[in-house]
Amino acid sequence: MTAVPGTAPVTSNAARLVDVVFRIREFGIIAVLGLLVLVTALIQTRFLSMSELQFVLVDTTIFALLAVGETMVVLTRNVDLSVGSVLGLSAFLSADMFGKHPGTSIVTVFAIGIGIGVACGVANGLLTTIGRVPSLVVTLATLYIIRGIDVLLVGGGQVVASSLPNSFLNIPQATTFGIPDLAIVIAVGVALVAYYLRSYRSGRELYAIGSNPEAARLAGIPIGRRVFMTFVVSGAVAGLAGVLWAAQYGTIDSTAGTGYELQVIAAVVVGGVAIFGGSGTVIGAALGALLLNTINSALYVLGISNYWDQAIAGFLLITAIALDRLITVQLTAALRRRSRLGA
Amino acid sequence: MEPDQGPAPVVGTVARRGGGRAAMQPLLRWETGLVVAAFAILLLGIAVSSEFLTNGNFFYLCISVGEVAIMTLPLTFIIIAGEIDLSVASTLGLASALVGYLWTQGWPMPAIIPTVLAMGVVTGAFNGLLVTRLGLPSLAVTIGTLTLYRGIAIILLGPDTISNFPFSYTKIGVDPVPGIPFLSYSVLIFLILAAIFGVVLHFTRFGRSLFAIGTNQEAALFAGIRVKRIKLLLFILSGVVCSAAGILYTLRLSTAVQGNGLGLELSAVAIVLLGGVSIFGGKGSIFGVVLAVFVFAGLQNALFLSNFNELALGIVTGGLLLVSVLVPNLGSFAERARDLFKRRARRGSAAAAARQA
């Protein structure tokens, strides 16, 4: 094949086309984001105030964390609907430590939160891989089971900010040059995960599993182990997000994070991750989270009632998957034309 | 999410599906299990509370499950055809919000009801067109419309609660069906619809074609079944039935708020799967789903009477859902475990042989 003159430039053309389309996706989000910020700021200058931006960024970090965990699961053609419930359980149990055992170190609290997340992720992963139950059903069930456990543990009570140490509540407040430290740490984390997924063998294998599970199996990829790992990561990340949520909001009752899973999936899909796996990046997903959060706060700043939030999120989600579909159809057609020209 | 169907032996599968008795046997066993479970729950209910076997409690049980039960019927069709509709509870919520909104605008009830049902046609058709014309996965589409329809409900009503509906309509939430003191109107409607859906699913060409589509869409298409049109019809059917459930829900509680029916999609999916319908499509029966409705409602009711925290009932719902998907896999677990042991044993003897040599 390679000996035939003219073939090589064709494949590189096709590769370039694929590359461009995928990059366009992230540029598209950035462009929409820029336009949104510009228009909102022109109408209401308060939008660009330091405190407003900081709040959006910290809020986004929690959201983006969940979106990154979810992306890894979705890449393998699975889904984790339990993240909102895991966040709620972890937020309550970890913050409750301060009240029950005064003097608990912050590191211990983070470890507890992440540990709870890992435990939930292991349960989801085992049921999906060994139980051979579709992850949609498994995590739909654990969504309600984990929330139910949360309700039983919390009862009618709640954790209030006054029972939390200041050093804990200050974590989301800390800034460097005006940028929240948390946002910087998470951005670095997202970049590392993106590098792992792009350049490491086990990272690439997640894409292979999502593109074609049967082919991945025949290629000798340990599907069960990889899928299990993504659920554990998603759970751990949701647990971590729970602790950060507790630090950000201070008040936690049994409803913390309810319904969050759909927003997270919306962010992931808006960010260009295919819902049936095999393509997308964590950076896209994090940008999707940033975009959805910015829309929410832009609506708020512009004085548009937050009753519009959910309808807009739903509309965006459908638009994103429909656009994605149209782009894929066009792309496949274009690739086929090119390869025919080459042959 | 999507079934890992290998290259299925197309002809063989369809023949087996059409073959009647052999295919029905595992279903019958599943339904026998449900009947046993229903009896066990009856005993549990009697054991936890003397209240359980009263007309008043059974009316309460009927009232609490009626609308969800109605929504499971079109959902059963959709899941058998290999798709899913997660927007059912949001459609119910949107219908409820529209009833409230139109009522505050001074519309008469006889005009509101057909308008809301027409809204159901639109919401269902929107789902269906996105799935069939654009070829999008129904899972993603209906997660999107779950958010979108609830969002429109929130825009319509905002924080308002509308509750000044006329008693001639809202009495369906307080009065049982005349002559049957434990039966609510919602469950009566459910039973009538279930009979119709059952006949359509099991005794008509249309019903058989749903099984064919769910088993092997490609084969169904080549057999001359209009797959896209049927799927579109199913989503429209779901939209209409769920908005009817929304009207009932609003009148029964005499309340329209933005959060009506929030989260009921899980209960509906859980009941359908508990009824023995395969999430991969191609398998299931209305009889199983009807039994599952009563198992589900009976268990919730018994737990409620035993002072179990009502909000934590999700543990039971989720647990039931897990059990209903894990149990059918038990056979394959045993097989896989046997395989594993055999392989271990073979490897062990091979190693022993190698050592001897």
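The values are calculated or read from the model by the stated rules, or taken from the named source; none is laboratory data. Because the structure is a prediction, the values reported are computed rather than measured. No Cβ is skipped: glycine too gets one built from the backbone with ideal geometry, and neighbour counts run over all protein chains shown.
Taking the condition of a type outside the set (Asp, Glu), surrounded by fewer than 23 Cβ atoms within 10 Å (Cβ to Cβ), within 12 Å of another protein chain (Cβ to nearest Cβ) and assigned to a helix (DSSP H, G or I), does B:Gly298 pass?
Numbers: of a type outside the set (Asp, Glu): yes; surrounded by fewer than 23 Cβ atoms within 10 Å (Cβ to Cβ): yes; within 12 Å of another protein chain (Cβ to nearest Cβ): no; assigned to a helix (DSSP H, G or I): yes.
Answer is no for this residue.
A quick yes/no check of all residues on (1) of a type outside the set (D, E, K, R); (2) more than 21 Å from A:Leu33 (Cβ to Cβ); (3) part of a helix (DSSP H, G or I):
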{"site": "A:Thr255", "(1), (2), (3)": "yes, yes, no"}
{"site": "A:Glu261", "(1), (2), (3)": "no, yes, yes"}
{"site": "A:Ile275", "(1), (2), (3)": "yes, yes, no"}
{"site": "A:Gly284", "(1), (2), (3)": "yes, no, yes"}
{"site": "A:Leu292", "(1), (2), (3)": "yes, no, yes"}
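Looking at segment B:46-61, is at least one residue over 20 Å from B:Val257 (Cα atoms) and within 14 Å of another protein chain (Cβ to nearest Cβ)? Walk me through how you get there before you give the answer.
Here is the first cut: in segment B:46-61, the residues over 20 Å from B:Val257 (Cα atoms) are B:46-61.
From the residues that got through so far, the ones that are within 14 Å of another protein chain (Cβ to nearest Cβ) too are none.
The answer is no; no qualifying residue exists.
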Counting only residues that are over 17 Å from A:Arg325 (Cα atoms) and within 13 Å of chain B (Cβ to nearest Cβ), segment A:275-296 contains a total of 3
Could you please find all residues in segment B:62-103 being within 18 Å of B:Leu262 (Cβ to Cβ) and touching a strand residue (DSSP E or B) at 6+ places or on another chain (Cβ under 8 Å)? B:Ser96, B:Ala97, B:Val99, B:Gly100, B:Tyr101
Evaluation of A:Asp309 against (1) surrounded by 16 or more Cβ atoms within 10 Å (Cβ to Cβ); (2) more than 8 Å from chain B (Cβ to nearest Cβ) (one fails), failing number: (2)
Going through segment A:73-124 one residue at a time, which ones are more than 14 Å from every other protein chain (Cβ to nearest Cβ), within 14 Å of A:Met229 (Cα to Cα) and touching a Phe, Trp or Tyr at 6+ places or on another chain (Cβ under 7 Å)? A:Gly121
Restricting attention to segment B:221-241, which residues are free of Cβ contacts under 8 Å to residues at least 12 places away in the same chain and of a type in the set (A, V, I, L, M, F, W, C)? B:Leu221, B:Phe222
Return yes when A:Leu65 is in a helix (DSSP H, G or I) and surrounded by 24 or more Cβ atoms within 10 Å (Cβ to Cβ) and no when it is not. yes
Which of (1) closer than 30 Å to B:Trp103 by Cβ; (2) away from every other protein chain (no Cβ under 14 Å); (3) buried (at least 22 other Cβ atoms within 10 Å of the Cβ) is the odd one out, the single condition B:Leu253 does not satisfy? (3)
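Of the residues A:Val138, A:Val122, which single one is within 22 Å of A:Ser234 (Cβ to Cβ), modelled with pLDDT of 85 or more, surrounded by fewer than 18 Cβ atoms within 10 Å (Cβ to Cβ) and under 21 Å from the mean Cα position of the chain (by Cα)?
Values: A:Val138 fails: surrounded by fewer than 18 Cβ atoms within 10 Å (Cβ to Cβ).
Sole residue among the options that is within 22 Å of A:Ser234 (Cβ to Cβ), modelled with pLDDT of 85 or more, surrounded by fewer than 18 Cβ atoms within 10 Å (Cβ to Cβ) and under 21 Å from the mean Cα position of the chain (by Cα): A:Val122.
The rows are residues; the columns are (1) farther than 28 Å from B:Ala195 by Cα; (2) within 14 Å of another protein chain (Cβ to nearest Cβ).
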| position | (1), (2) |
| --- | --- |
| B:Gly284 | no, no |
| B:Asn307 | yes, yes |
| B:Val325 | no, yes |
| B:Ser332 | yes, yes |
| B:Glu335 | yes, yes |
Could you please let me know if A:Asp150 is acidic (Asp, Glu) and in contact (Cβ under 8 Å) with a residue 60 or more places away in the chain? yes
Residue under question is B:Ile196, and the condition is that it be part of a helix (DSSP H, G or I), of a type in the set (A, V, I, L, M, F, W, C) and surrounded by fewer than 22 Cβ atoms within 10 Å (Cβ to Cβ); does it hold? yes
Tell me whether segment A:238-248 contains one or more residues that are more than 18 Å from A:Asn293 (Cβ to Cβ) and in contact with a Pro (Cβ under 8 Å, 6 or more places away or on another chain). no
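Determine whether segment A:179-186 contains at least one residue that is farther than 19 Å from A:Asn78 by Cβ and charged (D, E, K, R). Before you say what the answer is, go through the steps one by one.
Looking only at segment A:179-186, we keep the residues that are farther than 19 Å from A:Asn78 by Cβ, and these are A:179-186.
Going one step further and asking which of them are charged (D, E, K, R), we end up with A:181.
Yes, segment A:179-186 contains at least one residue that is farther than 19 Å from A:Asn78 by Cβ and charged (D, E, K, R).
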Could you list all residues from segment B:236-254 that are more than 15 Å from B:Leu94 (Cβ to Cβ) and either aromatic (Phe, Trp, Tyr) or not in a helix (DSSP H, G or I) (or both)? B:Ser254
Give B:Ile79, B:Ile113 a once-over and let me know the one that is touching a residue at least 24 places away in the same chain (Cβ under 8 Å) and either more than 18 Å from the chain's Cα centre (by Cα) or within 16 Å of B:Ala256 (Cα to Cα) (or both). B:Ile113
Could you grab me the full set of residues in segment A:72-118 that are touching a strand residue (DSSP E or B) at 6+ places or on another chain (Cβ under 6 Å) and either closer than 25 Å to A:Val138 by Cα or in a loop (DSSP other than H, G, I, E, B) (or both)? A:Ala91, A:Phe92
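Considering each of A:Leu299, A:Leu335 in turn, give the residue that is in contact with a Leu (Cβ under 9 Å, 6 or more places away or on another chain), surrounded by fewer than 24 Cβ atoms within 10 Å (Cβ to Cβ) and either away from chain B (no Cβ under 14 Å) or in a helix (DSSP H, G or I) (or both).
On the way: A:Leu299 fails: in contact with a Leu (Cβ under 9 Å, 6 or more places away or on another chain).
Going through A:Leu299, A:Leu335 in turn, the sole match is A:Leu335.
Only one of A:Leu143, A:Leu182, A:Leu197 is within 10 Å of chain B (Cβ to nearest Cβ) and part of a helix (DSSP H, G or I); which? Give the steps one after another, and end with the answer.
On the way: A:Leu182 fails: within 10 Å of chain B (Cβ to nearest Cβ); A:Leu197 fails: within 10 Å of chain B (Cβ to nearest Cβ).
None of the others qualify; the one that does is A:Leu143.
Yes/no matrix, rows are residues, columns are (1) of a type in the set (Val, Ile, Thr); (2) farther than 23 Å from B:Ser254 by Cβ; (3) in contact with a Gly (Cβ under 8 Å, 6 or more places away or on another chain); (4) assigned by TED's automatic domain parsing to the domain that holds B:Glu83:
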position: B:Thr142; (1), (2), (3), (4): yes, yes, no, yes
position: B:Arg150; (1), (2), (3), (4): no, no, yes, yes
position: B:Tyr169; (1), (2), (3), (4): no, no, no, yes
position: B:Pro181; (1), (2), (3), (4): no, no, no, yes
position: B:Leu191; (1), (2), (3), (4): no, yes, no, yes
Kindly indicate which of B:Ser238, B:Ser267, B:Ser285 is at negative phi, at pLDDT below 90 and in contact with a helix residue (DSSP H, G or I) (Cβ under 6 Å, 6 or more places away or on another chain). B:Ser267
